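Participant: Below: one structure in structure tokens.
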Amino acid sequence: MIKKLLSVSGLLLGASLIAIVVTPARVSLQPSQNSRQAEKQSFDRTSLEGRVRKEKEKGAKSVTFSAPLVEYADGISLDDALSATVVVAAVTEKHSRQLDSHTIGTFYRLSILETLSEATPQACCLPKDEALPADLPPLSPDETYFLGIGGTITLDGIEVTVKEDFGTLMPGDRYLMFLPRSASGKLSTSAIGPSGVFRINGGGRLESIGKQHRLGRDLEERYQNSLTQLKDKIKKRP
């Protein structure tokens, strides 16, 4: 499962305290030693703000940071994946946001074209509705936001890009997706990662957008990557 907490945390910046130093020649303003120590302690240089500040001092107008390591489950079988809600969906737009002090996430707006099966996983394993930013455009009943790590935002006047783990999701294409969904259905995620999302080509064949995975091997071996055959299998499930 994704080892990232989808909570938004504020970055507290220490306000600089100014000490007035009086000399016979002039009056000057210098940061006090306590002020410098307080700012160093309160400002995280490994955070997005810290890294952007460093690049901005160099004169950069845009920066690209490497993607964080996201560990997805790699042994999930097709039978396991079918315990989630299975849909055919299309991407209509996307919105990137800062999730916490170190993380950018992208919310892909999905139009649910067909629901192949519904599931009710345990509440502990569902994404939480409170992780959905309040400023995102409202959804219609047949839509959901799908969250992936990475994206592009503007921070302190600098365009900041982190490679999206689901960056190959393209508007206009149809996808087979296995989606744990929040209580309201407005937010979805993937425990499998890109290997659990399959582009549907013109002939109805399934092509994983990620690396080969047990789920993909099961689809190939048992159903020859055919969406039609998979639908028949799902319909016959008790």
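The values are calculated or read from the model by the stated rules, or taken from the named source; none is laboratory data. Please read all numbers here as calculations on a predicted model, not as lab measurements. Note that each Cβ is placed from the backbone with ideal geometry, even for glycine, and that neighbours are counted across all protein chains shown. Keep in mind that these areas ignore ligands, DNA and RNA; they rest on the heavy atoms of the full protein, side chains included. Shrake-Rupley method; radii C 1.70, N 1.55, O 1.52, S 1.80 Å.
Participant: Express in % the proportion of alpha carbon pairs of the stretch 75-230 at distances exceeding 27 Å.
Facilitator: Tail fraction, whole percent: 21.
Participant: Given a cut-off of 32 Å, name the pairs among K211/K236; K58/K163; K61/K128; K128/K233; K128/K235 whose C-alpha atoms lie farther apart than that in the structure shown.
Facilitator: K61/K128
Participant: Within the stretch 47-130, what whole-number % of the accessible surface is contributed by carbon and sulfur, with the 1.4 Å probe and all protein chains included in the calculation?
Facilitator: Looking at the stretch 47-130 in its full context, I get 48 percent from C and S.
Participant: So what are the ³J(HN,Hα) numbers for the stretch 221-234, from phi and the Karplus equation (6.51, -1.76, 1.60; θ = phi - 60°), rounded to whole Hz, Gly and Pro as x?
Facilitator: Here the 3J(HN,Hα) series is 6, 8, 10, 6, 6, 9, 5, 4, 5, 5, 4, 4, 4, 5 Hz.
Participant: Residues in the stretch 62-77 near a label at R217, defined as backbone nitrogen under 16 Å from the 7 Å Cα→Cβ point?
Facilitator: Taking a point 7 Å out along Cα→Cβ of R217, the residues of the stretch 62-77 whose backbone N falls under 16 Å are 73-77.
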